[in-house]
């Protein structure tokens, strides 16, 4: 019985932990998806905004999109882009809990 009460007491904290990181991960995925590299949705937005000559050049990069994403991950470029967003989200969500 005492074990059950111990688990029950920690459930609100555990639930808020999971909700917090669920929100952080979803925002990170949304921002990551907006990066203008061809396999990601951000490339479609950029493609729409480019002039015709730029579209042709940009479409030539499309076969190398996954390689570009992996190189950005490996080089740590995406970490520098995403970590400020994580800090911002943590600050905003920290004000609610």
Original post:
Hey, among 70, 66, 20, which residue is outside any loop (DSSP other than H, G, I, E, B), at pLDDT below 90 and within 21 Å of the chain's Cα centre (by Cα)?
Top reply: 20
**OP:** Please give the number of the condition residue 56 fails out of (1) under 26 Å from residue 21 (Cβ atoms); (2) at pLDDT 90 or above.
**Re:** (1)
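Is it true that residue 76 is loosely packed, with under 14 Cβ neighbours inside 10 Å, under 29 Å from residue 21 (Cβ atoms) and under 17 Å from the mean Cα position of the chain (by Cα)? Full working, then the answer.
Numbers: loosely packed, with under 14 Cβ neighbours inside 10 Å: yes; under 29 Å from residue 21 (Cβ atoms): yes; under 17 Å from the mean Cα position of the chain (by Cα): yes.
Answer is yes for this residue.
Sort out which residues of the range 41-61 are touching a helix residue (DSSP H, G or I) at 6+ places or on another chain (Cβ under 8 Å) and outside any loop (DSSP other than H, G, I, E, B), and write them in order of number. Walk me through how you get there before you give the answer.
Quick first cut of the range 41-61, residues touching a helix residue (DSSP H, G or I) at 6+ places or on another chain (Cβ under 8 Å) only: 41-43, 46-47, 50, 55, 58-59, 61.
Scanning the range 41-61 gives 41, 42, 43, 46, 47, 55, 58, 59.
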Original post:
How many residues does the range 25-39 contain that are within 15 Å of residue 86 (Cα to Cα) and either touching a residue at least 24 places away in the same chain (Cβ under 8 Å) or crowded, with 16+ Cβ neighbours inside 10 Å (or both)?
Top reply: 4
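The values are calculated or read from the model by the stated rules, or taken from the named source; none is laboratory data. Computed from a predicted model, the values in this text were never measured in an experiment. Glycine gets a Cβ as well: all are built from the backbone with ideal geometry, and neighbour counts include every protein chain shown.
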